[in-house]
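Data block below; observations after.
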Amino acid sequence: MLNEFKEFIARGNVMDLAVGVIIGAAFSKIVTSVVEDLVMPIVGALTGGGFDFSNYFLPLSANVTATSLAAARQQGAVFAYGNFITVLINFLILAWIIFLMIKAVNRMRKSLEKQKESEPAAPPPEDVRLLSEIRDLLKQRA
């Protein structure tokens, strides 16, 4: 069973997936920073004075009197719609970046395929050329 597990882990697909997950986690931190540090301050400034969506919530309990989300969560249940808006914007930016990356890769693949098609085919090796000539001569005699 241990050997089977080693074989499973050593497969290329599993290792590729592991690398993808690690890079995805790092990429997620970058996108989170872009949303929280660059996009949300601009959105806040455009919508009237630099507010932060992450502290927008509706209290679901009479015990909640705090004005910040962290403090309100300690007091009771809250409907944190501002945090959801931030996460949604984060997702949309991430999805857009992935779309642009895939689009660029597809464009690069198409250009490489066009280059391969436009390049003249290499002449066949000498033995293949000779065999083709012999074949053609035999066809003419028959």
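The values are calculated or read from the model by the stated rules, or taken from the named source; none is laboratory data. Everything quoted here is computed from the prediction, not taken from an experiment. With ideal geometry, Cβ positions are generated from the backbone for all residues, glycine too; neighbour counts draw on all protein chains shown. Accessible surface is based on the protein model in full, side chains and every heavy atom, while ligands, DNA and RNA are left aside. Shrake-Rupley method; radii C 1.70, N 1.55, O 1.52, S 1.80 Å.
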> Sequence-distant or interchain residues sharing an amide H contact under 5 Å with TYR56, placed H: which?
Replying inline: GLY82, ASN83
> For the range 1-48, what is the per residue volume of the convex hull drawn over the alpha-carbon atoms, in cubic angstrom?
Replying inline: 74 Å³
>> Just to be sure I understand: with springs between alpha-carbon atoms less than 10 Å apart, which residue in PRO41, PRO59, PRO120 has the highest mean-square fluctuation in the Gaussian network model of the chain?
In response: PRO120
> Under the rule of -39500 (n - 2.57) per DSSP H run of 4 or more residues, summed and divided by the residues of the chain, what mean residue ellipticity at 222 nm is obtained, to the nearest 500 deg cm²/dmol?
Replying inline: -23000 deg cm²/dmol
> Between VAL78 and residues 5 or more places away or on another chain, which pairs have amide H atoms under 5 Å apart, with H built 1.01 Å from N, and which residues are they?
Replying inline: LEU60
> To the nearest 0.05, what FRET efficiency results for GLN140 and GLU119 with a Förster distance of 22 Å applied to their C-beta separation?
Replying inline: 0.10
> Each residue of the range 122-127 in turn: what ³J(HN,Hα) in whole Hz from Karplus with 6.51, -1.76, 1.60 and θ = phi - 60°, glycine and Pro shown as x?
Replying inline: 5, x, x, x, 4, 5
>> Which of LEU17, LEU46, LEU69 ends up with the largest GNM mean-square fluctuation for the chain, with Cα atoms connected below 10 Å?
In response: LEU17
>> From the phi angles alone, apply the Karplus equation (6.51, -1.76, 1.60; θ = phi - 60°) to the range 85-92 and give each ³J(HN,Hα) in whole Hz, x where the residue is Gly or Pro.
In response: 4, 4, 5, 5, 4, 4, 4, 4
> Using the alpha-carbon atoms, what tilt in degrees (0 to 90, nearest 10) does helix 12-33 show relative to the longest principal axis of the chain?
Replying inline: 40 degrees
>> If I build a Gaussian network model for the chain, linking alpha-carbon pairs within less than 10 angstrom, which residue out of ASP37, ASP127, ASP16 has the largest mean-square fluctuation?
In response: ASP127
> Counting every Cα pair in the chain, what percent are over 22 Å apart?
Replying inline: 70 percent
> Taking 0.36 nm per residue of separation and subtracting the Cα-Cα distance, what length does fully extending GLU7 through LEU92 add?
Replying inline: 26.8 nm
>> Per residue, how large is the accessible surface of the range 51-141? Use a 1.4 angstrom probe and give square angstrom.
In response: 83 Å²
> Between ASN106 and LEU60, what is the spin-label point distance in nm, taking each point 7 Å from the Cα along the Cα→C-beta axis?
Replying inline: 4.0 nm
